[in-house]
Every structure is written in structure tokens, then in C-alpha cells.
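Working notes for the structure below.
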Amino acid sequence: MYGDLMTLLWGAFGVLVATTALGQALTFVVPGGSNDIVLGNFNARVLAWWSMTIVIGLASLIGQGAIIFLFGFLSFAALREFLTLTTKHRSDHLSLAAAFFVVLPAQYYLIWIGWYGLYSIFVPVYVFLMLPMISALRGRPENFLIRIAETQWALMIAVFCISHIPALLNLDILGFEGRNILLIIFLIVVVQVSDTLQYVWSHLMGEHRLAPQISSVKTIEGLIGSTVSGALVGFFLFWITPFGPLGAMAMAALISLLGFFGSFVMSAIKRDRGIRDWGPMVVGHGGFIDRLDGVIFAAPIFFHFTRFWWAA
């Protein structure tokens, strides 16, 4: 596994160096390059990729504990971003404290010990029922349904979905022992590359927008192009998966499609709240949710498909 991981990391750094050089060169070639929106978005994404590659690469080299800690931190940051934009009252403070300091660490502890039977239902069943009880006991009915629904959605997105990324480490796949970290890299690389390529396809060929009021850049052509491109990326990365070439293509197409609609749904929420980005924390590209939105939707489905079809 270590050899494959190092090959991937060196390959990723090589691609990043090439794309960084390309982006900088284009700023001098394209008219008004430094102010070009498409080029600026491309360079911002490359900058974000550098940070992501370094952090995930280091965590992967350290091992399982570092991976779980990393995604636990990302869940905390994403949960904070999401809940900052929701409807709240002082009576919700106890349930919010429980979300951050009980639910989130409990979910990742269950991932750490590999208790699939509980971490797969903890948030959508137990927490779904528990938090409304806590808030109701505070006796404030104003906007109660909205407050509770937004908190539950935040936990599903920021904790439940993201936690399925390190949960990939728990899968027992025959002949793939000790290499599960590569599944995490496969998921993130395919979704991130397809996300960037949908932006490129939409600008090069996109004429039919899916929903202009939600996204001015997401088109049917971008959806098709990103799904096909993601499938091709999956094919070239099949050697780090247990899926085989055709299986890797199918899985990559699936998570590219889910990643596209994950970003689309998150855009709808941002438009509803009247914001452009979820936050300023990721240099060059908004908040943590802005960088994770596609992976958030893809992770649980990728986990369960892998578990059902390939795990022992």
C-alpha cells in the first residue's frame, strides 16, 4: 500500500506543478488574464488542491488515527459553517452544544472502533429523535420546526455524510487488506477532478442551464461531460481500487454524478440564504463546505456500494 500511496502522491504533485504553471502562463496569454473569471476560478481551485493534497497526503502517511482526526475536524468546521446560517434561538443552545460536543465526537468514536451497526444509524435515527426532545423541553415553540429541521440537516451533511469518508477504512475487502486509504483518495480525486471539469465543460460547450436561478454555470453539457470525464479518471485509477477497470469506471461515474448534484443542492441552499460562499476559511475558494460539497453527497453512497458489492 505504501508504494501505491507514494506513487499517487508524487503523481499528484507532478500534476499540481503542471496545472499551476499552466494557470500562471495563461494569465499572460489570455487577454485580461488576471481578471478573467474562468481563469481566476481555475487558479483558485489549483491553490485549494495544493492545500488538500498536502494535508490528506500527510494524514494518509501517518495512518488511520490521523485520517479520522482530519475528517472529524472537517466535520466540526463544516457544521459550524452550516449552523451559522440557520435560524436559532437561545433555547437551542443546549441542543447545539450536544451537536458539537456529543454527537460529532460520538459518531467519529464509533468510526474509530468500527461499530458499523451503530454509526450507520446513529445520526439519522437516534440523534434525529433526541435533539427535538432537548429543544422542546426549553419551551420555545417559535419557528420550532424550522430550527430543528435546519439543525438535523446540518448534522446529516456535516457529520453523518462526511464521516463515511474515514468509515471506508473499516471495510474488509478480500485481497485489498491494508489498502483502504486508497479508496478515500479515489473518492476525493474523482469527485474533485470531475467537479472542475464540469465547470470547464459548461463554459466551453454549455448552452442548456439546469436551473439558472440556482446556478449560472451548471449545465446539462457540464453534467454529461463531468460524468464521462470522471468515469475516465476512474478507469485510469482502477489499479488503486478492488473494482477492476469497468467497475472503477462505473463507480467513478456514479460518484461524479452524485458530486455534481451535491454541489447543485448546496448552491440552492446558498442562494436561499443570499450568500456566495459558505465561509472564508479555504484560501482562494470559500469555506470547507464549498470544497467538500460534492464529496459530501458521494461519500455515503460510495461507502455502501463498496460495502455491498466488494466487502466480505
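None of the figures in this text is laboratory data; all of them are computed from the coordinates on show. Bear in mind that the values here come from a model prediction, so they are computed numbers and not experimental data. Cβ atoms come from the backbone with ideal geometry, glycine included; neighbour counts cover every protein chain shown.
With Kirkwood's inverse mean 1/r over C-alpha pairs for Rh, give me the Rg to Rh ratio of the chain, two decimals please.
Radius of gyration over Kirkwood radius for the chain works out to 0.98.
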Could you state the orientation-averaged shadow area of the convex hull built on the Cα atoms of region 131-251, in nm² to one decimal?
10.7
Sort GLU177, GLU221 so that the residue with the fewest other Cβ atoms within 10 Å of its own Cβ comes first and the one with the most comes last.
GLU177, GLU221
For TYR126 and SER51, what does the FRET efficiency come to when R0 = 35 Å and r is the distance between their Cβ atoms, rounded to the nearest 0.05?
0.50
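Rank the residues ARG307, ARG147, ARG90, ARG140 as a footprinting-exposure proxy: fewest other Cβ atoms within 10 Å of their Cβ go first.
Details: ARG307 18, ARG147 23, ARG90 8, ARG140 14.
Least crowded to most crowded, the residues run ARG90, ARG140, ARG307, ARG147.
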Provide the net charge surrounding LEU237, with neighbours chosen by a C-beta distance below 14 Å and charges set as Lys +1, Arg +1, Asp -1, Glu -1.
0
With +1 assigned to the C-beta of every Lys and Arg and -1 to the C-beta of every Asp and Glu, and no other charges, what is the dipole magnitude of the chain about the Cα centre in debye, to the nearest 20?
640
Ranked packing of 237-243, 159-165, most packed first, by mean Cβ within 10 Å
159-165, 237-243
Of ILE269, LEU183, LEU257, which is farthest on the positive side of the dipole of region 138-269, counting Cα position, with +1 on Lys and Arg Cβ, -1 on Asp and Glu Cβ, and the Cα centre as origin?
ILE269
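Could you give the size of the charge dipole of region 42-156 about its Cα centre, using +1 on the Cβ of each K and R and -1 on the Cβ of each D and E, expressed in debye and rounded to the nearest 20?
Values: 7 positive and 4 negative charges, 37 e Å.
That gives a dipole near 180 debye.
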Report the gain in length on full extension from VAL17 to HIS89: 0.36 nm times residue separation, minus Cα-Cα distance, nm rounded to one decimal.
21.1 nm
